[in-house]
1. Considering region 7-66 alone, what residues qualify as being among the basic types (Lys, Arg), closer than 27 Å to Ile134 by Cβ and touching a residue at least 24 places away in the same chain (Cβ under 8 Å)?
2. Have a look at Lys7, Lys49, Lys60 and point out the one that is farther than 16 Å from Ile118 by Cβ, among the charged types (D, E, K, R) and at pLDDT 90 or above.
3. Filter region 123-157 for residues that are of a type outside the set (A, V, I, L, M) and crowded, with 21+ Cβ neighbours inside 10 Å and give the result.
4. Would you confirm, using the coordinates I've provided, whether Gln103 is over 28 Å from Val13 (Cα atoms) and either free of Cβ contacts under 8 Å to residues at least 60 places away in the same chain or over 16 Å from the mean Cα position of the chain (by Cα) (or both)?
Amino acid sequence: MATELQKSSDYNVNEVPSAKNMRFAILVSEWNPMITDALKDGAIATLLKHGAQEQNIITKKVPGSFELVYGASRMMHNESIDAIIALGCVIKGDTPHFDYVCQGVTQGIAHLNTIGSIPVIYGLVTTNNLQQAIDRAGGCLGNKGEECAIVAIKMADYSCSFKK
């Protein structure tokens, strides 16, 4: 659904399971840090709001958005976590590099979700300009990091239902 039609803050708090006993990894791209740090802060605040313990939130940085896939793959195999949130921002420029990065990250995270045992949440903000990114990182359209945290909690809960 388009961000303009539904903001991340427009959700029913009662429909989000408790994150009290869940562990999360948040991978953050160093590229466009004004945006990605705001996404990370929104994700952490939302996880804590829903009961996650600070010591159960692992945050790691990767150089760019393309590296989110490798980082998520390593976290998936090396950490005892319930969900991974991959946060990045790619702003369209004058070359096709935007298309290659966006496509690679999208396909990579989708692939990890099909082969892995824990959910990897897609938090790549892809915009035509900086203002659109600001709008999605705590601006007038909410914070995509908050949305990703809610999805991570729900998917971790969903995934746990198969382990019982």
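1. Lys7, Lys40, Lys60, Lys61
2. Lys49
3. Answer for region 123-157, where residues must be of a type outside the set (A, V, I, L, M) and crowded, with 21+ Cβ neighbours inside 10 Å: Gly123, Arg136, Asn143, Lys144, Gly145, Glu146, Glu147, Cys148.
4. Working: over 28 Å from Val13 (Cα atoms): yes; either free of Cβ contacts under 8 Å to residues at least 60 places away in the same chain or over 16 Å from the mean Cα position of the chain (by Cα) (or both): yes.
For Gln103, the condition - over 28 Å from Val13 (Cα atoms) and either free of Cβ contacts under 8 Å to residues at least 60 places away in the same chain or over 16 Å from the mean Cα position of the chain (by Cα) (or both) - is met.
Quick grid of which residues meet (1) under 11 Å from the mean Cα position of the chain (by Cα); (2) within 14 Å of Ile35 (Cβ to Cβ); (3) among the polar types (S, T, N, Q):
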position: Ile91; (1), (2), (3): no, yes, no
position: Asp94; (1), (2), (3): no, no, no
position: Ala110; (1), (2), (3): no, no, no
position: Val125; (1), (2), (3): yes, yes, no
position: Lys144; (1), (2), (3): yes, yes, no
position: Ala152; (1), (2), (3): yes, no, no
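The values are calculated or read from the model by the stated rules, or taken from the named source; none is laboratory data. Because the structure is predicted, anything quoted here is derived from the model rather than measured. FYI the Cβ positions are ideal-geometry reconstructions off the backbone, even for glycines, and counts take in every protein chain you see.
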